[in-house]
Structure formats: C-alpha cells, structure tokens
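Notes follow the structure.
The values are calculated or read from the model by the stated rules, or taken from the named source; none is laboratory data. Treat the numbers as computed from the prediction; the structure is a model and nothing was measured. When we count neighbours, we look across all protein chains shown, and the Cβ atoms used for this are built from the backbone with ideal geometry, even at glycine.
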Amino acid sequence: MIIITAEGIEKTIQRFSSAPRKLTELMRKGMEASLEVLHQSVPPYPSAPQGSAYSRTGTLGRSLGSGFGGGASGGKPTVYSITGSGQNVTGTFGTNLSYAQYVIDPESQAYMHKGRWWTMKNISNSAYKKIIEVWDNIVRGWSRTI
C-alpha cells in the first residue's frame, strides 16, 4: 500500500481561493488600460474641405473624448464601459451619435468622408500592438499572483 500525505498546503489552498477575485481585478485592469489605449489613439480631426461653408461643431470628436486637435482631451467617449467578471470581461469604446456611422464607420462611411475622415478601424489598427502589450503584461502579472 502507498500512502501519500500532503502537509502544509493550507497557504496554497488559501492563495487559490482568492484566484477568481484576482482574475476579475486583473481582467478589469487590463480592459481599462485597453480602453485608454483606444482613447489615446483617436486621430486628430481632419481639416474641413477647401471651400466648405459648413461650420464644424466638434461634436463627433467630443463624443469620442477628443477635440479638434485629436487625442484624449480629458473627457471619456460616450460609449466607454467595462462589463462582466472573471474571464468574461468586455470593454466597449465608441460614440452613440446617430450620424457617426456615416463619418467614421468603415462599412457605412459616406462617400464625401472617404479618404478624408479616419474610421474606427484606423483607431483599432493604431492601438492593436499596444493593447497586445497590455494583455501580455496582465498574463505575466497573473502568473506571479497565484
């Protein structure tokens, strides 16, 4: 007969019991950092077309947390949320302006904005590598906390 006795594992059991809470904290931290990278990746407002008489309001830029100069201006986008827990954490970034789809949506962009206005895909592409770095650091941090 073989008898195996595990002694002194109380600390290990205690550490693993806090894993779900720590996972949620790290996932939310990573998502917040990812949304901030997106926020910082909003390009500058494009120049008005030559000869345009339209008075620009900057509303679209403000709804994405930027102004005419682009980039984060201190305000958050109108769509900026983190939901879920554990490994099922979702971040949402964008604007809820009804006309934004015709200006910055890569699929619905109106002809007069193509080639002049950036799209949400440009923001995503610009932020991609930095977001990967955020999550690489989260994974490394997670492995050190258990």
**Report entry** Which numbered condition TRP117 misses (of (1) outside any helix (DSSP H, G or I); (2) under 28 Å from LYS29 (Cα atoms))
**Finding:** (2)
**Report entry** Criterion violated by ASP105 - all others in (1) surrounded by 11 or more Cβ atoms within 10 Å (Cβ to Cβ); (2) of a type in the set (Asp, Glu); (3) free of Cβ contacts under 8 Å to residues at least 12 places away in the same chain satisfied
**Finding:** (3)
Query raised in the report: So ASN122 clears everything in (1) over 11 Å from the mean Cα position of the chain (by Cα); (2) within 30 Å of SER17 (Cβ to Cβ); (3) in contact (Cβ under 8 Å) with a residue 24 or more places away in the chain except one condition, right? Which one?
Result: (2)
Report summary line: For the range 24-37 the number of residues that are touching a strand residue (DSSP E or B) at 6+ places or on another chain (Cβ under 8 Å) and modelled with pLDDT under 90 is 2
Query raised in the report: Has the range 38-51 got any residue that is at positive phi and either modelled with pLDDT of 80 or more or surrounded by 10 or more Cβ atoms within 10 Å (Cβ to Cβ) (or both)?
Result: yes
